[in-house]
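Here the structure comes first, spelled out in structure tokens, and everything after it is commentary.
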Amino acid sequence: MLYFMSDYTEGAHPKLLKKLCAENLVSMPGYGDDAACASAKEKIRAAFHRDDLQICFLTGGTQTNLVVISTMLRRYEAVVAAKTGHVSVHEAGAIEYTGHKVIELEAADGKLDAGVLAAYLETYYADANHEHMPFPGMVYISHPTEYGTLYSRAELDALSAVCRRYEIPLYLDGARLGYGLMAYDTDVGVDDIVRCCDVFYIGGTKVGALCGEALVLTRQNMPAHFLTLIKQQGALLAKGRVLGMQFDALFTDGLYWTISRHAIDMAMALKAAFREKGYPLYIDSPTNQQFVLLTDEQMARLGRDVAFSFWEKPDAEHTVVRFATSWATRPEDVEALKALL
């Protein structure tokens, strides 16, 4: 069976496992107050060219989104997201479970448009009854988006400008940030992420780690007693070293960028194979997620030998499926899939 179901079907990159094993018997304090976490934070600050970044490590993406949104919003505030955003459709109502509404706006190719956002905020505050509505207290985006698409630098700048105008933070979900930053034609780099976003996270779970995400706050804006708030919501790992060691390895000698670029190389080879064999792409994704429109017959035939993800069903005879590559995808896997198409 060939596995293209997601970018976390394998365990972890061998260099992370090696580091975990090498320091397995070294005693360290808990809850992230250890040398490995401290080292990882310094390497992330260096990689993102800012020595004043506030960083902490959380267990997973949903936990990170839940903690960030629930702690940075007041009780009466909501988070604004694209209708297709991860917090809107793929987190089982985790944000609403904290008591905060997700306000959905129409998206184009998975992306939130600054003009649409500005029009919504203008209309909201022009409404004489807005005191009776959930206040828009944060804007959530992901890079890459749920459809593997990317914001341009101009689009990020425009979204950031709207958020500054209305004095609300811009939060970027970076579960697959490495794949976004290492895409072939993107003009967005680490400096743009830090400049435009008030808070973002660097995905580990989907980019080579066993588990874990690195949350980064860019404007000395970490909520008070943040460690307590993380623990209260079940996202604090007692053996914080497990996360710190992994991110320390990921940000040693550019490993995070190298494995992210490998996944992009494999995804572009996949895209070329689909096009060569006449399979229509549902969306033109430049990242490690490729969305293909299959007939029911094609889906059944390929499903006997290939694991992929159901995405949506646009009509009775076709299905959109996702093929995802990762640090572990081998060129021979791509060739094997190509032979089955």
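The values are calculated or read from the model by the stated rules, or taken from the named source; none is laboratory data. In this text, all values refer to a predicted model and were calculated from it rather than measured experimentally. Note: ideal-geometry Cβ built from the backbone for every residue, glycine included; neighbour counts use all protein chains shown.
Points worth noting:
- Residue count, region 82-102 (criterion: more than 23 Å from L150 (Cβ to Cβ) and either aromatic (F, W, Y) or crowded, with 20+ Cβ neighbours inside 10 Å (or both)): 3
- Just one of the listed residues (T64, T9) is farther than 17 Å from F200 by Cα and among the β-branched types (V, I, T), namely T9.
- In the set (1) buried (at least 17 other Cβ atoms within 10 Å of the Cβ); (2) farther than 14 Å from L159 by Cα; (3) not basic (K, R), the condition left unmet by A107 is number (2).
- Whichever residue in region 161-185 is at pLDDT 95 or above and surrounded by fewer than 19 Cβ atoms within 10 Å (Cβ to Cβ) and, among such residues, is nearest to S260 (Cα to Cα): Y184
- Number of the exception - Y279 against (1) assigned to a helix (DSSP H, G or I); (2) surrounded by fewer than 20 Cβ atoms within 10 Å (Cβ to Cβ): (1)
- For region 286-319, the set of residues classified as of a type in the set (S, T, N, Q) and under 24 Å from Y8 (Cα atoms) consists of T287, N288, Q289, Q290, S309, T319, listed by residue number.
- Residues (more than 27 Å from the chain's Cα centre (by Cα) and surrounded by 15 or more Cβ atoms within 10 Å (Cβ to Cβ)) located in region 300-341: L302, H318, K338, L341
- Pair list, Cβ under 8 Å, 6 or more apart: region 188-212 residue within 20 Å of T145 (Cβ to Cβ), other residue β-branched (V, I, T) and assigned to a strand (DSSP E or B): V194/V216; V199/V216; F200/V216; Y201/V216; I202/V216
- Considering T62, T71, the condition of being of a type in the set (S, T, Y) and in contact (Cβ under 8 Å) with a residue 60 or more places away in the chain is satisfied by T71 alone.
- Residue within region 154-166 that is farther than 20 Å from N65 by Cα, aliphatic (A, V, I, L, M) and out of contact with any Asp or Glu (no Cβ under 9 Å at 6 or more places or on another chain) present: yes
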